[in-house]
Amino acid sequence: MAGSPVRNRKESVPQGEALKSKKLSTQQKEFIEKLTPFLGLDEAQSYEIFCSYIYQDFRGSQKNLQLCLSSERHMQGLMLKIRDFYYSERLYLLQTIRHILTFWPEQENHPYREEYTEFLNELLNNNELIKRLLDQLDGITDAPPPSWETHGKLMNERHALVWAQQNLKEQVELLEILLVYWKDFEASAADFTKLLDKFKRQGFGRRQSYKHILDEHMDSTLKQIGSLEVLVLLQALDLETVERLSTTQSFGEHSLLKDQSTFQSVDQAIQLLGTEQPHGPLLLSWSVVRQLYLDNTGSQLTRKFGNQALQLHVFDFINEVLSREPFSGKSMTASVSHCLIYTVLLAALTAFDETTLTRNHMERQVLYDITAKLMDREFIAMNVWNKGLDVGVGSLFQTALLNFPLDFTTLVRLSTALATANENSASRIPAGVYGQLITVGRKSDLEIPIIQWEVTYNGWELLKGEIQELLHQIAHGAELLAACVDCVTCAAKLQPQQAWHDLKHTGLLPFLTENIDNMAELLSGKGVSRGLYGSLLAGSEVPHGNFLLTEALLDFISELVLPLYKVGREDQLQACMVYILREVFPAFQKWRYLGNTRKEIIGQKCLGIAHKILNLQLSKEKKNASRPHIQQLCVYSLLFTEAGKSLLEIIATGVETVEILLAQQSSQSEGSGDDLVQLIQMAFSVMNRLLLLRSHEQLSPVEYIYHRTSPKLARLATLFLRRLAVVLPMSILACLGSQAEALRDIFLMRLQLATEDLSLKTGILQLLSVCVDTQPGLIELFLNVQPSSQTDANKDGQVSCIQTVLELMDVGRQETYRCPPDLLAACTSFIQALWQGGRETAMEALRAKPNFWPSLCSCLLKDLPDVTQDKMLVHRMKTVAYTLRLLAHEIYSVTSVRLDDNLKKVFKELAEKGRLKYWSTVRSQDSVMPHDLSLEGTDLSDNPTFLLLRAWKDFWVVIAKIQVTELKLEEELKEVIVEDLLQSVYAQFSDKLTEFGHTVAKTCSALFFTLTTRELPSVQELKKLREGQDGGAGSFVNTDHRIKGGEALSLAGLTGYVCLPISYCYQNGDTSIQGPTPNKQARQTPQPVTWLGVYCQCVDLYTTLLTSLKFTFLEDAFNFVGSHQDRMQQCLECSRFNLKPEIFEEVERTCVFVGQLANYSREWRLHLPEPLNKILTSMLFMCQTFVSYLVRPRYLQYILEQQGGEKQPGSRGGERFPVATLHTQASMEDVDNPSTQYTQVQHSLLKVIGESLVALRRFTPDLVQILVDQQLKCCQRSLVMFVLENALYLTMSQGMWYLKDPRVHQRDKQLLKRELGTEMNSILSGIQRYIRRGGPQSPAGGSQPSPRGQSPGGPTLSRSVSQTFLTSHDHAVFRLVQEFSKQVLR
């Protein structure tokens, strides 16, 4: 790639030539041609960058990409995104080189050491790597700034500044690589002098060729470059080797001192220095080299170099470097820099006397500051102790000991640094007090001698007293108070209860003023006093922006959570947690800070405390106690108060903000960006715990899957999404909307990458496993299995997780770093979930893979390692358990004869190698699992011992019922299995019977009795069993209307299985409203069951299940609407123009389903508002069209004739009617001799209108309630009057809605009353005439469903309707209409 450490040498290729062989659209080709000059690459490189970005980082679908390429404005935005991606990739590649060089030589146990070695072997030959690095550095530092002439019209000053920032970042990365490289390899004199000259001309970072376009924000980066250039040259000098060789005066091993000519060339280059402060460390180091190498010859020039270094304030420069990021942190660059400075200081103290290194007291203090910064590193502190206090840096500490207590500060500072390094270093600090007697005249400012003394005192009492004294001096000493609390925190690690008791009594911490038993009162904070800390926070820390005391107290409370929990006193922290969750955590992001990273650290500490509390395992007594527990306090606070809002704001930060801050920080592993990443990770961890304990929020954190810097952040986001899929009753696929496919692609891409973090891969597979059961739509999107012809197996699509998972768990990759046991367990769990969920299309696709069964069952052919030697034993056992359960499902669902040949081979190998006997023995042994995983309180659903036992039971229950010839179940094997089961039962009663043991005993006993009482089935029994299973396939619709039957179908996952595959009934390339025809033969020979009929049966299935199961089935119904909304809308739309019977069948089923779902109108509007609006709009237009057909019978007859229906006698068939004839057809007169087809269509129109009006009534206010607030009792209904009543109901309800709407003008309300009143009176007059002639009775509202079962030849709207006698109470609806007209519309 173009960002590799090797410089890019472009070959001159004519424009467009490199793209001719690529399959690109015109838009893509034009885009790449514009992208090429903007990035400064050739077309082939630009094409590669474009493809990498689309594959790895583009956050959209194919349609989004086409939209970006369709307009100039969107195209420019896409170019900037690709530029940022390209710049990031260049930096990532350089960081990868540095990482490999860092861990390759030292970490022998590194898991990727062999891969690192293989990668570097080629580059290290003939010094190829250093040549390429120096070549790349030359190209970057000499590159001219871009302009619109060279990089296109899009290049302006702002984008040129971005290029300059990238250039500086690449300089930093290359210099850090050189710093690490020369730590293990020697530098040649030519490379050293070349770099020295280059850095000198560049002003050690300050004189860049494009400095005129840089702003002041780049000053810190320029200083970082200058510091790195100095350190690189110091590393090349290799003073450690010089010091070692000086003892023998044999310098042949040193590349710069091996001969006189080489030494002279370097010496002459150094003599040109001395004008700038960065020259100081080089002059000092070279004076050390001369002193050790020349052995007192040339001492005058040596002293000159040393004096020049002191005049340039060399130690001030070094001290400043160690105080600045990234050299002051804990990164690898910081460690190498400290080690290098320590080597320089050690060599200087070896070559010169300590007193000659400084000229005055100020320089001496700076030298001690440097020493303190160095000695707090563990490896340096231990080196100081190992060398002793008489030589090197240890002599500075010895001097400080002798000057104590006259110079009190220096010894304390150095002792603090040594104690900070590690516990071993702290224990070596000398006890007691060292000092010396200074006589009169020895020091001019002393009149009396300094006397040494010794005293024994309790330091903790001193600290407690100091804290108590400081509480009375609130305005002073906040920093000292924070330091004292830090000391108490250290003491709390050894004596937590005593430390808590003593600090609590100082009054510093918040405390409860009364006993509170109510959660609401506790959350309100009324009974909580803020303590003196609250006063300090509000009066001192917040105004000054310095929160050292807050950090110290948060550390103290965090240290006490687990110790107090172990003794049952964790509730004593309630007052502190109330104050933190009310006053600190909700407000910390709004405070003003002196530093750049303090904000994120305070958030991390707050969430760290909450995370510890949320992970406490509470007993039943604590959960059910009358007083709220501290864990419940955290849960409710983080869900229902401002603390929860702050938590969500952290999660909603966004990946772009994170990446911007990561790009701005000076170190790869330290800075504001890294702090923010850790804060978001902790927020996700806390939110995951909240979802497990109690969940009320619906969030979508999938955006963080695009984040690549910290795999943990993407993994936590995936875990959070898995929690949402399990806990919350919602369709994630519907929530993702148009972004679903793009997110699917990025998930699969990260799952496929060989270099991806393995824990993230495991998290993705666990998410998919959960989605098989809880998210049918989402899992179908990931599976993407394309059904082929009936003779071929189903095939996975181009973007499918099936092939990816199969490649991950390939038998050749198992037990390697590419597929460790935990990843293999996740793969097996996902595949087992497919079998358990009955995803038949995916199962067929997997069975068709030749390596599937060998890869899956390879775990059964391997022995488990010893418990004490394998940390992955848990995952190995889970893998075996998942495999056994899957085999049980496979044997049960597929007859023994039809089993795959590869699976039969696996069964045969299992039998020949006696693996079933081995696993029976392993399962029965208690020593298989560590005891701590079988204790009380463990979740059995995830316990590996219990998982293996349950899988073993399922496997043998199936084997006992269905014979598998290849397994060869001999009598000896049966006896071993039964004996092992009995042994497992006995083992549970050999000691105290626990709940876990009781469960194990029950399971083993059940399996024992099953195996000993069940006979193996005969071939005839198997055949009958299989025939019986096949014969029940068509009974779903007859079963689902019963509640128990509906529950059984729902629990079996039938609806989830058919939700998406049923769409193939109306697809298969046919875009018309007609159902698809599988093949030509089916079109020629009518079949009793059509694909459209299958779809209609499925709609009926969902309707009846929704009717019987109600809210339980609501999520599945919403999934169906979300998956088939386009078909439902298309059906309603096309029915307006196509009046064929099969169309009416689908329209009627659709309207009935919508009518049932309309009973849950609120939930529908909440979850799927857009599909709801589309379907209702189409239904309204359809009703309008159908009413038009019904009130114009002649026109309806004409439409039927034109569509090729049954012709009326005497009609002219397909001839075109003149205008006058069409005008006649539009009249409202009845047809004289209606045909059978006409009567059937008219009846169908009435039924569909009736079902539609029922659905529409659910979305309009209740008329009776809005008028008189009482219910209207109704009587028996009929089809015609049913339609008429619902139409009047809707009209009156909507009329009242507009009349009561304050937004409607009074003039418009009067117009509505007048027009609606006229129409109502006209309708009433017609109804009265109709009833007098003997029309059917009034239907009125009721709870019965609409009449779907009437015969096709039922009543019509003609005057020939049968007469029915009406009693007076049957006119209630029309009297209501009459009263409505009189009272409301007057």
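Taking residue 226 as the residue in question, decide whether it is under 17 Å from residue 167 (Cα atoms) and not in a helix (DSSP H, G or I). Full working, then the answer.
Values: under 17 Å from residue 167 (Cα atoms): yes; not in a helix (DSSP H, G or I): no.
The answer is no for residue 226.
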Q.
Between 208, 136, which is crowded, with 17+ Cβ neighbours inside 10 Å and either in a loop (DSSP other than H, G, I, E, B) or at pLDDT below 90 (or both)?
A. 208
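Do we have residue 202 as polar (S, T, N, Q) and crowded, with 20+ Cβ neighbours inside 10 Å here? If you could, list the steps in order and put the result at the bottom.
Working: polar (S, T, N, Q): yes; crowded, with 20+ Cβ neighbours inside 10 Å: no.
Here the answer is no, as residue 202 does not meet what is asked.
Just checking, which of 391, 336, 366 is open to solvent by less than 40 Å² (accessible area, probe 1.4 Å), in contact with a helix residue (DSSP H, G or I) (Cβ under 8 Å, 6 or more places away or on another chain), in contact (Cβ under 8 Å) with a residue 24 or more places away in the chain and more than 16 Å from residue 231 (Cα to Cα)? Walk me through how you get there before you give the answer.
Numbers: 391 fails: open to solvent by less than 40 Å² (accessible area, probe 1.4 Å); 336 fails: more than 16 Å from residue 231 (Cα to Cα).
Result of the check over 391, 336, 366: 366.
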Q: Out of the residues in the range 530-586 that are assigned to a helix (DSSP H, G or I) and among the aromatic types (Phe, Trp, Tyr), state the one that is surrounded by the fewest Cβ atoms within 10 Å (Cβ to Cβ).
A: 565
Q) Being surrounded by 23 or more Cβ atoms within 10 Å (Cβ to Cβ) and outside any helix (DSSP H, G or I), is that true of even one residue in the range 276-285? A) yes
Q | Pairs where the first residue, in the range 826-851, is more than 17 Å from residue 950 (Cβ to Cβ) and surrounded by fewer than 22 Cβ atoms within 10 Å (Cβ to Cβ) and the second is modelled with pLDDT under 90 and of a type in the set (Ser, Thr, Tyr), C-beta under 6 Å, 6+ apart | A | 838/1057
(Q) Can you list the helices (runs of 4 or more DSSP H) lying wholly within the range 409-526 that have 2 or more residues being at pLDDT below 80? (A) 459-470, 478-492, 519-524
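Yes/no per residue for (1) modelled with pLDDT of 90 or more; (2) more than 22 Å from residue 1098 (Cα to Cα):
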{"position": "1137", "(1), (2)": "no, yes"}
{"position": "1142", "(1), (2)": "no, no"}
{"position": "1145", "(1), (2)": "no, no"}
{"position": "1148", "(1), (2)": "yes, no"}
{"position": "1151", "(1), (2)": "yes, no"}
{"position": "1154", "(1), (2)": "yes, no"}
{"position": "1162", "(1), (2)": "no, yes"}
{"position": "1166", "(1), (2)": "no, yes"}
{"position": "1171", "(1), (2)": "no, no"}
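Quick check on my filter: what residues within the range 105-132 are surrounded by 18 or more Cβ atoms within 10 Å (Cβ to Cβ) and over 31 Å from the mean Cα position of the chain (by Cα)? Working first, answer last.
Pass one, the range 105-132, residues surrounded by 18 or more Cβ atoms within 10 Å (Cβ to Cβ): 116, 123, 129-130.
Selection gives 123, 129, 130.
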Q) Pairs, please: C-beta under 7 Å, at least 6 apart or cross-chain, first residue within 11 Å of residue 30 (Cα to Cα) and in the range 64-75, second surrounded by 13 or more Cβ atoms within 10 Å (Cβ to Cβ) and aromatic (Phe, Trp, Tyr)? A) 69/31; 75/31
(Q) Checking the structure you have, find out if any residue of the range 1140-1163 is of a type in the set (Val, Ile, Thr), in a helix (DSSP H, G or I) and surrounded by fewer than 17 Cβ atoms within 10 Å (Cβ to Cβ). (A) no
Q.
If I ask for residues that are of a type outside the set (S, T, N, Q) and either touching a residue at least 60 places away in the same chain (Cβ under 8 Å) or surrounded by fewer than 19 Cβ atoms within 10 Å (Cβ to Cβ) (or both), which ones from the range 633-646 would you list?
A. 633, 636, 639, 640, 642, 643, 645
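Residues are listed down the side, and each one gets a yes or a no for (1) within 21 Å of residue 37 (Cα to Cα); (2) touching a Leu at 6+ places or on another chain (Cβ under 7 Å); (3) surrounded by fewer than 17 Cβ atoms within 10 Å (Cβ to Cβ); (4) modelled with pLDDT under 90:
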residue: 143; (1), (2), (3), (4): yes, no, yes, no
residue: 146; (1), (2), (3), (4): yes, no, no, no
residue: 162; (1), (2), (3), (4): yes, no, yes, no
residue: 167; (1), (2), (3), (4): yes, no, no, no
residue: 170; (1), (2), (3), (4): yes, yes, no, no
residue: 175; (1), (2), (3), (4): no, yes, no, no
residue: 179; (1), (2), (3), (4): no, yes, no, no
residue: 191; (1), (2), (3), (4): no, yes, no, no
Q) Taking the stated definitions as given, is residue 876 at pLDDT below 85, within 24 Å of residue 820 (Cα to Cα), part of a helix (DSSP H, G or I) and charged (D, E, K, R)? A) no
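Yes/no per residue for (1) at pLDDT below 90; (2) closer than 17 Å to residue 375 by Cα:
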residue: 317; (1), (2): no, no
residue: 331; (1), (2): yes, yes
residue: 334; (1), (2): no, yes
residue: 337; (1), (2): no, yes
residue: 347; (1), (2): no, yes
residue: 350; (1), (2): yes, no
residue: 353; (1), (2): yes, no
Q: Please tell me if residue 607 is in contact with a helix residue (DSSP H, G or I) (Cβ under 7 Å, 6 or more places away or on another chain), surrounded by 17 or more Cβ atoms within 10 Å (Cβ to Cβ) and either hydrophobic (A, V, I, L, M, F, W, C) or under 22 Å from residue 677 (Cα atoms) (or both).
A: yes
Q: Mind listing just one residue for me: the one in the range 506-522 that is surrounded by 20 or more Cβ atoms within 10 Å (Cβ to Cβ) and not β-branched (Val, Ile, Thr) and, of those, nearest to the chain's Cα centre (by Cα)?
A: 522
Q | Long-range neighbours under 8 Å by Cβ, at least six apart or interchain, first residue at pLDDT below 85 within the range 750-777, second surrounded by fewer than 17 Cβ atoms within 10 Å (Cβ to Cβ) | A | 754/818
Q. Among the residues of the range 196-225, how many are over 39 Å from the mean Cα position of the chain (by Cα) and within 20 Å of residue 667 (Cα to Cα)?
A. 3
Q: Could you grab the pairs with beta carbons closer than 8 Å, sequence gap of 6+ or different chains, first residue in the range 234-263 and among the aromatic types (Phe, Trp, Tyr), second one outside any loop (DSSP other than H, G, I, E, B)?
A: 251/242; 251/245; 251/293; 263/293
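Counting only residues that are of a type in the set (Phe, Trp, Tyr) and open to solvent by 20 Å² or more (accessible area, probe 1.4 Å), which one in the range 879-912 is modelled with the highest pLDDT? Working first, answer last.
Pass one, the range 879-912, residues of a type in the set (Phe, Trp, Tyr): 882, 892, 907.
If we keep only those that are open to solvent by 20 Å² or more (accessible area, probe 1.4 Å) as well, we get 882, 892.
On the way: 882: 93, 892: 87.
Checked the range 879-912; the qualifying residue modelled with the highest pLDDT is 882.
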Q.
What's the number of the only condition in (1) assigned to a helix (DSSP H, G or I); (2) out of contact with any Lys or Arg (no Cβ under 7 Å at 6 or more places or on another chain) that residue 310 fails to meet?
A. (2)
**Q.** Out of 257, 234, 222, sole residue that is of a type in the set (A, V, I, L, M, F, W, C) and open to solvent by 10 Å² or more (accessible area, probe 1.4 Å)
**A.** 222
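Which members of the range 488-505 meet the condition of being more than 18 Å from residue 570 (Cα to Cα) and surrounded by fewer than 16 Cβ atoms within 10 Å (Cβ to Cβ)? Explain how you work it out, then say what you get.
Filtering the range 488-505 for residues more than 18 Å from residue 570 (Cα to Cα) gives 488, 490-491.
Selection gives 490 alone.
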Q. Within the range 610-632, can you find the residues that are assigned to a helix (DSSP H, G or I) and open to solvent by 40 Å² or more (accessible area, probe 1.4 Å)?
A. 611, 612, 620, 621, 622, 623, 632
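Go through the range 46-73 and give me each residue that's open to solvent by 60 Å² or more (accessible area, probe 1.4 Å), farther than 16 Å from residue 708 by Cβ and not aliphatic (A, V, I, L, M).
48, 62, 63, 66, 70, 72, 73
The values are calculated or read from the model by the stated rules, or taken from the named source; none is laboratory data. Since the structure is predicted, the reported quantities are computational estimates derived from the model, not experimental observations. Cβ coordinates were reconstructed from backbone atoms using ideal geometry, including for glycine residues, and neighbour counts include every protein chain displayed. Just the protein is used for accessible areas: all its heavy atoms, side chains included, with ligands, DNA and RNA removed. Shrake-Rupley method; radii C 1.70, N 1.55, O 1.52, S 1.80 Å.
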